[in-house]
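What follows is a set of notes on a single structure, which appears directly below.
The values are calculated or read from the model by the stated rules, or taken from the named source; none is laboratory data. What you see is a predicted model, and the numbers here were worked out from it, not measured in a lab. Cβ atoms come from the backbone with ideal geometry, glycine included; neighbour counts cover every protein chain shown. Remember, those area values only see protein heavy atoms, side chains included, never the ligands or the DNA or RNA. Shrake-Rupley method; radii C 1.70, N 1.55, O 1.52, S 1.80 Å.
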Amino acid sequence: MQMNPVLTIALPLILAFTKIMYRRIANLFLVLGSLLNVLVVFFIKEGQYLMGGYAPPFGIVLQVDAYALYSLLVLNVLFAALTILVTKKAENLTSSSLIALAALNGLILTGDLFNLFVFLEIAAIAAIIIASSSKRYHHAFHYMVASIIGSTFYLLGLILLYKQYGTLNMAKMHELMLASPGGSSVAVILIFVGLAVEVKLMPFSGWVKGVLKNADEWIGPMIGAIYGGAMMIVMGRLFTDVFVVSPKVTLLLSILALVTLVGGEAAAYDSEKMREILLYSGVAQSGLEILLILNGYAALSFILILSNMMAKYVMFLLSGYIVNAAGTDVLGDLKGLFRSNPFLGFAFTAAGLSLAGLPLFVGFFIKLNILYNLMMSHSYWLPAIILITSLVEGIYMLRMILGLWQTGLEVQETGIQIISPSNIKTKYAVHAITLILSLAMVVFGLMPDYALDLAQKARGNAVADKPAMMIGMKGGPGQ
Amino acid sequence: MMELLSLSLLFLGMYGLITKHHVLKMIVSMNVMEIGLNLFITSLGYQESHLAPILSSKFPSSALNFVDPLPQSLVLTSIVIGVGTTAVALAFAKKIYMDYGTLDLEKIEGRL
Amino acid sequence: MKRILILGLMAILVMGIYNYAVYDPYQKTTMPFEERDSQAYLSRSVNGDPGEVVYGKSTNLENGAANTVAAIVVDYRSFDTLGEVTVLFISSLGVAFLSGGFGKTIRLKHKPSFLLQYGARFVFGIILVFGAYMFLHGHLTPGGGFPGGAIIAASALVLYLGGESSGEKMKAFKILEGAAGSLYVLSGIVGLYFAGFFMQNVLPSGIVGHLFSAGIMPVIYILIGLKVGSELTGILDYFMREEVSS
């Protein structure tokens, strides 16, 4: 059996449209819709799917390759898990969440630059509505202003590209740009800046703090992990498969990404609050991901994006529950919390260590490969900065996690249960989901060859991909 | 000339959006910015003495010279998106005024 | 000082973008109109060349709308339009969510004068019919579903100004909105399973310039018009309400 990928967009939309007529069973719509989407994703085959029967450069086309397929799978699974966990929170927002799901799927699938803009707008408005459910309206308004400025830049760049190349189709745009890249730099920079707002690059990431500083177990994983990951996947698509960026522009944009990396890690190191540390480390990680994308390490950036997405998802989810239970996220007040919650503690630890790139976890092999590849290509200042920032990240991650386990001499039990024992269903669901995700990170950490092979397969034939040599457990530069 | 004017309008709106901290003024700047962008997009599809891309009994054939229809349809989409975002922004303005009693974002942040 | 700096930055951006990307006296970075993708829309030759398209004569085109912009919006790039409808839908959801659902209606402070009260009712029907005309003829003349829907919402606004209260009618609008949206997506899925492609034009395209032409386009424009009209009316209605608790 084979499903058309457009169903992953059309199904949530139709459920969202019909839902406003049936208010009573709204929750059911959300959970069923997202589970149905996961099911559909399993039956999608790679290929090109036309809309309305019009051939590619003229009609809109959905481009399904391994890159889109893996991203789609991870995104839909994470989204479905989240809707099961927080049905209560999302009660008033079922339609918005379903539309957010449709828009994120569309962002990943579409092969048309203007269609991407439309989905970007839908996703942004959905995110703003989701963010405003925290009742901090001026923060949500800031987010809205930022994303409107971002999408204006994107559309401006896009229309300049249309003027120059006369097409909106990604594949044709890439061919034409390869043939004559001259004169497109301004447009490419404008598009980069437009998307930089959504992927939280440094001078444009002012909104992140307001939205995520007080995020609960619903907004955090949604905006922090799922949205961040999806936008980064779009970035990877555009700057590897579509645009041809001149070396000068690459250098300019790389500096922006480096600033983000350093600044994010510094801010995270400086912070005392769990969610602030998470959001700043997310900002820093997106800097690293952009750096890899721009410099042509498509496979590595892809696997880093997916693993970061999962790790941040687990950590934001648990931090939301921790704040619910303890009433605070200041690390000093949470010492010894994980002693009473060993399983959730394990999940949080695994995600955090993988994010920081410590051995045994998938993040370690990614960073190892990055450093190795950069050294091989005779650039030394870049690996040095990445190494130092990774060290800083390792230090504050360990500091946070050790504090939460309270490994000092005086052991004290806080007795706080992260999820109250009376709520058995949520308890088991949270345990299951976070443990499965963190175990996945450990398993991929123990079998890095498999993960790296998959990523290589997905991104290997990307045009701009450099032949990255992969180091896994087999040892040494293999393959 | 039209391109330069519409670009100026766009960035004038963006200037207002960045420097003002009164919610309603920001929404007006947002609209100025969107109008500038829409004008800019149509101006890139315009050419002197070409016709509007609609067949009619007066201009019946597709062999005539028409302006580029694609930017116009993109503008149509972008206008509707602008209407949607403006509506949401106005709802935010209403809500912010109800919650804080003022529309000045700087005052709100100072109070927190 | 800060403002002057930002103003300067904006001026630099305008000049920079204009100089390096727009200003192009020798047509080096500008694709001539004849080579752009949009030429295929004008000559309706995406799936094969039909020759010269003549108003009132050509039949069986891949798209039979006289208005090329409408043809692009509702047929060639119909998927964008679905997204566009979704943007409006989610904005109305957002307005509803931020306004805290159904509260009690704020009555206008002034009593509308006799002229406004009856004039509004008199004008209401005319505006409504004009809106319907707009989206029914969207494939022939400038206009279409979105302006038509906006005009319908304007007729509702006139009624509000004339002192009419919305009351129970909002529920019907919600159902209309949901039904029109679902039917739009469903028409796409019908295309997928009966013709092979999502949102394919499954009806015959007729003669260019006739009211019954362009296949599924008028149907979709009617759906869009109804949806946009009810959505914008809903948004207006939310702005006229007040939260019960406050």
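So, C:VAL129, is that one among the β-branched types (Val, Ile, Thr), more than 30 Å from A:GLY52 (Cα to Cα) and more than 21 Å from the chain's Cα centre (by Cα) or not?
Values: among the β-branched types (Val, Ile, Thr): yes; more than 30 Å from A:GLY52 (Cα to Cα): yes; more than 21 Å from the chain's Cα centre (by Cα): no.
No.
Which numbered condition in (1) within 31 Å of the chain's Cα centre (by Cα); (2) facing another protein chain (nearest Cβ under 7 Å) is the only one that C:LEU13 fails?
Checking C:LEU13 against (1) within 31 Å of the chain's Cα centre (by Cα); (2) facing another protein chain (nearest Cβ under 7 Å), the one that fails is (1).
What are the residues in the stretch A:214-253 that are among the hydroxyl-bearing types (Ser, Thr, Tyr) and either at positive phi or buried (at least 20 other Cβ atoms within 10 Å of the Cβ) (or both), if any? Outline the logic, then answer.
Initially, the stretch A:214-253 is screened for residues among the hydroxyl-bearing types (Ser, Thr, Tyr), giving A:227, A:240, A:246, A:250.
Residues satisfying the conditions are A:TYR227, A:THR240.
Looking at (1) open to solvent by 10 Å² or more (accessible area, probe 1.4 Å); (2) within 29 Å of A:LEU85 (Cα to Cα); (3) not in a helix (DSSP H, G or I), find the lone condition where A:GLY182 falls short.
(2)
When you go through (1) in contact (Cβ under 8 Å) with a residue 24 or more places away in the chain; (2) more than 14 Å from every other protein chain (Cβ to nearest Cβ); (3) open to solvent by 70 Å² or more (accessible area, probe 1.4 Å) one by one for C:ILE127, which number turns out not to apply?
(3)
Among the residues of the stretch B:1-17, which ones are touching a helix residue (DSSP H, G or I) at 6+ places or on another chain (Cβ under 6 Å) and aliphatic (A, V, I, L, M)? Full working, then the answer.
First, the residues of the stretch B:1-17 that are touching a helix residue (DSSP H, G or I) at 6+ places or on another chain (Cβ under 6 Å): B:2-4, B:6-11, B:13-17.
Listed by number, the residues that qualify are B:MET2, B:LEU4, B:LEU7, B:LEU9, B:LEU10, B:MET14, B:LEU17.
Filter the stretch B:78-112 down to the residues that are at the interface with chain C (Cβ under 7 Å from one of its Cβ atoms) and small (Gly, Ala, Ser), then identify the one that is farthest from A:THR152 (Cα to Cα).
Among those residues, the one meeting the criterion is B:ALA91.
Can you tell me which residue in the stretch C:44-59 is least open to solvent (accessible area, probe 1.4 Å), limited to those that are at positive phi and within 8 Å of chain B (Cβ to nearest Cβ)?
Taking the stretch C:44-59 first, the residues at positive phi are C:44, C:48, C:51, C:56.
Those still in the list that are within 8 Å of chain B (Cβ to nearest Cβ) too: C:44, C:56.
On the way: C:ARG44: 4, C:GLY56: 39 Å².
Looking at residues that are at positive phi and within 8 Å of chain B (Cβ to nearest Cβ), I get C:ARG44.
If you go through the stretch A:126-140 one residue at a time, how many are over 22 Å from the mean Cα position of the chain (by Cα) and within 12 Å of chain C (Cβ to nearest Cβ)?
At the first step, the residues of the stretch A:126-140 found to be over 22 Å from the mean Cα position of the chain (by Cα) are A:135-138.
With within 12 Å of chain C (Cβ to nearest Cβ) added as a condition, the list becomes A:135, A:137.
Going through the stretch A:126-140 one residue at a time, the tally reaches 2.
Taking C:ILE175 and the conditions (1) without any contact (Cβ under 8 Å) to a residue 12 or more places away in the chain; (2) away from chain A (no Cβ under 13 Å), which numbered condition does it fall short on, given that it satisfies the others?
If we test C:ILE175 against (1) without any contact (Cβ under 8 Å) to a residue 12 or more places away in the chain; (2) away from chain A (no Cβ under 13 Å), just (2) comes out false.
Failed condition for C:ALA195, given (1) in contact (Cβ under 8 Å) with a residue 24 or more places away in the chain; (2) touching a Gly at 6+ places or on another chain (Cβ under 9 Å), with all others met?
(1)
Residues to consider are C:SER213, C:SER230, C:SER205, C:SER187; find the one that is open to solvent by less than 40 Å² (accessible area, probe 1.4 Å) and within 16 Å of the chain's Cα centre (by Cα). So that I can check it myself, show each step before the final result.
Numbers: C:SER213 fails: within 16 Å of the chain's Cα centre (by Cα); C:SER205 fails: within 16 Å of the chain's Cα centre (by Cα); C:SER187 fails: within 16 Å of the chain's Cα centre (by Cα).
Of the residues listed, the single one that is open to solvent by less than 40 Å² (accessible area, probe 1.4 Å) and within 16 Å of the chain's Cα centre (by Cα) is C:SER230.
For the stretch B:67-77, does any single residue satisfy the condition of being closer than 30 Å to A:HIS138 by Cβ and within 7 Å of chain C (Cβ to nearest Cβ)? First the steps, then the outcome.
Start the filter on the stretch B:67-77 by keeping residues that are closer than 30 Å to A:HIS138 by Cβ, which leaves B:77.
With within 7 Å of chain C (Cβ to nearest Cβ) added as a condition, the list becomes B:77.
Taking every residue of the stretch B:67-77 in turn, at least one turns out to be closer than 30 Å to A:HIS138 by Cβ and within 7 Å of chain C (Cβ to nearest Cβ).
Please determine whether any residue of the stretch A:80-94 is facing another protein chain (nearest Cβ under 9 Å) and under 22 Å from the mean Cα position of the chain (by Cα). So that I can check it myself, show each step before the final result.
Pass one, the stretch A:80-94, residues facing another protein chain (nearest Cβ under 9 Å): A:92-93.
In the following step, the residues that additionally are under 22 Å from the mean Cα position of the chain (by Cα) were identified as A:93.
Within the stretch A:80-94, one or more residues are facing another protein chain (nearest Cβ under 9 Å) and under 22 Å from the mean Cα position of the chain (by Cα).
With the structure loaded, tell me whether C:LEU98 is within 9 Å of chain B (Cβ to nearest Cβ) and modelled with pLDDT under 90 or whether it fails that test.
Details: within 9 Å of chain B (Cβ to nearest Cβ): yes; modelled with pLDDT under 90: yes.
Here the answer is yes, as C:LEU98 does meet what is asked.
Might you let me know whether the stretch C:67-74 holds any residue that is of a type in the set (Val, Ile, Thr), part of a loop (DSSP other than H, G, I, E, B) and open to solvent by less than 20 Å² (accessible area, probe 1.4 Å)?
First, pick out the residues of the stretch C:67-74 that are of a type in the set (Val, Ile, Thr): C:68-69, C:72-74.
Now restrict to residues that are part of a loop (DSSP other than H, G, I, E, B): none.
Scanning the stretch C:67-74, I find no residue that is of a type in the set (Val, Ile, Thr), part of a loop (DSSP other than H, G, I, E, B) and open to solvent by less than 20 Å² (accessible area, probe 1.4 Å), so the answer is no.
For A:LEU32, indicate whether it is away from chain C (no Cβ under 11 Å), surrounded by fewer than 17 Cβ atoms within 10 Å (Cβ to Cβ), under 24 Å from A:PRO221 (Cβ atoms) and not basic (Lys, Arg). Don't jump to the end; show me each part of the working.
Details: away from chain C (no Cβ under 11 Å): yes; surrounded by fewer than 17 Cβ atoms within 10 Å (Cβ to Cβ): yes; under 24 Å from A:PRO221 (Cβ atoms): yes; not basic (Lys, Arg): yes.
It is true that A:LEU32 is away from chain C (no Cβ under 11 Å), surrounded by fewer than 17 Cβ atoms within 10 Å (Cβ to Cβ), under 24 Å from A:PRO221 (Cβ atoms) and not basic (Lys, Arg).
Any idea which of C:GLU84, C:GLU62 is open to solvent by 10 Å² or more (accessible area, probe 1.4 Å) and among the acidic types (Asp, Glu)?
Criteria check complete, one pass: C:GLU62.
I want to confirm something. Restricting to the stretch C:130-177 and keeping residues that are of a type in the set (Asp, Glu) and outside any helix (DSSP H, G or I), which single residue is surrounded by the fewest Cβ atoms within 10 Å (Cβ to Cβ)?
Top of the filtered list is C:GLU168.
In the stretch C:20-38, which residue that is among the polar types (S, T, N, Q) and at the interface with chain A (Cβ under 9 Å from one of its Cβ atoms) is surrounded by the fewest Cβ atoms within 10 Å (Cβ to Cβ)?
Here the residue is C:THR30.
Here's a check for you: in the stretch B:102-112, which residue that is assigned to a helix (DSSP H, G or I) and among the charged types (D, E, K, R) is farthest from B:GLY45 (Cα to Cα)? Full working, then the answer.
Going residue by residue through the stretch B:102-112, those that are assigned to a helix (DSSP H, G or I) are B:105-111.
When the remaining residues are screened for being among the charged types (D, E, K, R), the result is B:106-107, B:109, B:111.
On the way: B:GLU106: 41, B:LYS107: 44, B:GLU109: 44, B:ARG111: 48 Å.
Going through the qualifying residues, I end up with B:ARG111.
Of the residues A:ALA298, A:ALA326, which is open to solvent by 10 Å² or more (accessible area, probe 1.4 Å) and modelled with pLDDT under 90? Even if it seems obvious, please write down each step before you answer.
Details: A:ALA298 fails: open to solvent by 10 Å² or more (accessible area, probe 1.4 Å).
Selected residue: A:ALA326, the only one of A:ALA298, A:ALA326 that is open to solvent by 10 Å² or more (accessible area, probe 1.4 Å) and modelled with pLDDT under 90.
Can you tell which of A:LEU7, A:LEU72, A:LEU85, A:LEU98 is crowded, with 19+ Cβ neighbours inside 10 Å, within 23 Å of C:ASN201 (Cβ to Cβ), in contact with a helix residue (DSSP H, G or I) (Cβ under 6 Å, 6 or more places away or on another chain) and touching a residue at least 24 places away in the same chain (Cβ under 8 Å)?
Values: A:LEU72 fails: within 23 Å of C:ASN201 (Cβ to Cβ); A:LEU85 fails: within 23 Å of C:ASN201 (Cβ to Cβ); A:LEU98 fails: within 23 Å of C:ASN201 (Cβ to Cβ).
Going through A:LEU7, A:LEU72, A:LEU85, A:LEU98 in turn, just one is crowded, with 19+ Cβ neighbours inside 10 Å, within 23 Å of C:ASN201 (Cβ to Cβ), in contact with a helix residue (DSSP H, G or I) (Cβ under 6 Å, 6 or more places away or on another chain) and touching a residue at least 24 places away in the same chain (Cβ under 8 Å): A:LEU7.
Mind listing just one residue for me: the one in the stretch A:162-175 that is part of a helix (DSSP H, G or I) and facing another protein chain (nearest Cβ under 9 Å) and, of those, surrounded by the fewest Cβ atoms within 10 Å (Cβ to Cβ)? I'd like the intermediate steps shown before the answer.
In the first step, residues of the stretch A:162-175 are kept if they are part of a helix (DSSP H, G or I); the result is A:162-165, A:170-175.
Still in the running and facing another protein chain (nearest Cβ under 9 Å): A:162-165, A:172.
Details: A:TYR162: 26, A:LYS163: 22, A:GLN164: 23, A:TYR165: 25, A:LYS172: 18.
For the stretch A:162-175, the residue satisfying everything is A:LYS172.
Being surrounded by fewer than 22 Cβ atoms within 10 Å (Cβ to Cβ) and not in a helix (DSSP H, G or I) is the filter here, so list the residues in the stretch A:197-213 that pass it.
Scanning the stretch A:197-213 gives a single hit, A:LYS213.
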